[in-house]
1. Among the residues of the range 436-472, write down those that are under 32 Å from the mean Cα position of the chain (by Cα) and in a helix (DSSP H, G or I).
2. Using the structure shown, decide if His314 is surrounded by fewer than 20 Cβ atoms within 10 Å (Cβ to Cβ), modelled with pLDDT of 90 or more, in contact with a helix residue (DSSP H, G or I) (Cβ under 9 Å, 6 or more places away or on another chain) and not in a strand (DSSP E or B).
3. Check whether at least one residue in the range 162-169 is modelled with pLDDT under 90, over 30 Å from Asn272 (Cβ atoms) and charged (D, E, K, R), and report yes or no.
4. Which condition number in (1) within 25 Å of the chain's Cα centre (by Cα); (2) outside any helix (DSSP H, G or I) is the one that Asn137 fails?
5. Which of the residues that make up the range 362-390 are under 23 Å from Pro296 (Cα atoms), assigned to a strand (DSSP E or B) and not charged (D, E, K, R)?
6. From Leu358, Leu396, Leu363, grab the single residue that is touching a residue at least 60 places away in the same chain (Cβ under 8 Å), among the hydrophobic types (A, V, I, L, M, F, W, C) and closer than 26 Å to Asp282 by Cα.
7. Looking only at the range 142-156, decide whether some residue is of a type in the set (Lys, Arg), closer than 18 Å to Pro69 by Cα and outside any strand (DSSP E or B).
8. Hey, does the range 132-139 have a residue that's out of contact with any helix residue (DSSP H, G or I) (no Cβ under 9 Å at 6 or more places or on another chain) and within 16 Å of Arg63 (Cβ to Cβ)?
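The values are calculated or read from the model by the stated rules, or taken from the named source; none is laboratory data. What you see is a predicted model, and the numbers here were worked out from it, not measured in a lab. Virtual Cβ from ideal backbone geometry, glycine too; neighbours counted across all protein chains shown.
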Amino acid sequence: MHNALLISEVLSCIIDHLVENTARHSVGRPAADTDGAGRQALAVLARTCRAFSEPALDGVWRRLHSLKPFLLCLPIKAPESLDDIAVDAAVLPFDEEEWNIVLRYASRVQELTVEYDEISVKILQSLWFRTTLLLPNLRSLHWMYVDRTSFAPIRLLLNPSLVHLDVRVDDGAHTSFLAFLESYHTLCPNLKSLGLHHSPRVPEVTAAISRAIPRSPNLETLRCNGIDEGALIHVIQSRCLQEFRSSLLNYQPANLSRLAAYGTPEHPPFENLRILELHIEDLSSVIPYLKSEHQPFEAVSFDFRTVATPEVFHEFFTALSSATRRKSLRRIKLNTRLTAAEHGTPTQPVNFPVLSPLMTLNLRRFCISIRNPVSLSDDEIVRLVQAWPKLEMLDLNENRGWHCPTSVQIPTPKGLVLLLARCPELHGLGLPLDATNIPSLSEAESLIRNTAVTRLSIAVANSPIQEPVTSVAHFLHKHLPSLMAVRVCLPIAARRKDYYWIWKRVDNEIRQITGCPSSPQYDAYDVDMMLPS
């Protein structure tokens, strides 16, 4: 054994790295457990020698996606594997010997996800009359369950050690969930992060959640939806909150704008907020919240329904782009959600003068998927990103199709190359591209390369191209040598489907050059893009 492994800090770093591989998937999206490799490596490490046993066991049990592993520890109840545990199987209460075995490992658990997991619920139900906490050191709990009648067992997991609690329930207003909302703050007084997700179609639950939010005044992160005015005013005036994600579609734009007045010049709305993500009706309704120059925003994301005018976008970008935010704001994301009927409605383009206020910022990510065409010439897109030398991701309406007026300007391959030169850290790119002609480049321009971009997304509905495609494919491969595929997105409103097929041939040419498998006629992403939002 290497002497370095006897240093506790080195061993801790190795175990932490293996624990990272026990992560599974985004919470709220059921899928098969994919953490086998990290957990198996930790188990092997625990059996290697006595010096590794305890810290490795801590790593094995630190993050669980179910309570089923406890059954594997019991000599009598233990099944061959987790897959052998029947959903309808009864879980008998643990006797004293079994309970002591469970406690030997339970204190190691710091993060638990119970996601549509009836066995975990049955295990908890078997512990109703135990006075000792099952997971005394639990710090993070994700509870996703559709059967609201099984919600009550969550109380057995709530304790003062919890700092992160994320709960998702179905549409019901069962008394056990309402009781949880009335008492969670007393059982978990040290919460820093809270997520309460439900359907806003149940007014009783919305009212209960709105009453529950102010009961944890020291929250730093809040995720919720459909809260009432009282709860929203509490959030607006909070000086602790650093991250707020919510759907506020229950507010009319005028009412939402009005509530910004609950901030003051000394304490503006969202005073210390760093991350703001909202689903709203109209983009203009959040502009009053952004006019203070003092919020240290790092990332903002707005999903809105009403098509905005260029004047609204300019006012929004101007409010967002104060000089004091140059050092903080790094990510902007905008998305317009439309029905299928609205997709075909002509809109005014967003051009360089509209976007120019953003040049005061130093963005890392700028992603917009809006109904308005984005009109940028080669020179204009280069001027825009020149202020963002550390840009990592740029998405300009990659999955939108417009009925473009002739005045709309679209970047050409030369603009793409100059963009790559200005943003050497770029690794994600989606935009319309006019590839009807392959330009002549200077000697310096012909040497520009980006090896980080592996997939280029093209808004094909507004990306003119003509045969032959070989020259386009070789041009892209030359300047993006790591490019493995061209993702072509065809929105439902797109009229020029001929561009789609030509860009598909570019994709296949790129795949032949790089040795990647040919793409199908439609890939899964394309089909999604052809459906209405």
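1. Val460, Ala461, Asn462
2. Taking the combined requirement at face value, the residue satisfies it.
3. Among the residues of the range 162-169, not one is modelled with pLDDT under 90, over 30 Å from Asn272 (Cβ atoms) and charged (D, E, K, R), which makes the answer no.
4. Failing condition for Asn137: (1).
5. Hits for the range 362-390 are Phe366, Cys367, Ile368.
6. Values: Leu358 fails: touching a residue at least 60 places away in the same chain (Cβ under 8 Å); Leu363 fails: touching a residue at least 60 places away in the same chain (Cβ under 8 Å).
After ruling out the rest, the residue left standing is Leu396.
7. Let us first name the residues in the range 142-156 that are of a type in the set (Lys, Arg), namely 148, 155.
Subset that is closer than 18 Å to Pro69 by Cα: none.
Among the residues of the range 142-156, not one is of a type in the set (Lys, Arg), closer than 18 Å to Pro69 by Cα and outside any strand (DSSP E or B), which makes the answer no.
8. There is at least one residue in the range 132-139 that is out of contact with any helix residue (DSSP H, G or I) (no Cβ under 9 Å at 6 or more places or on another chain) and within 16 Å of Arg63 (Cβ to Cβ).
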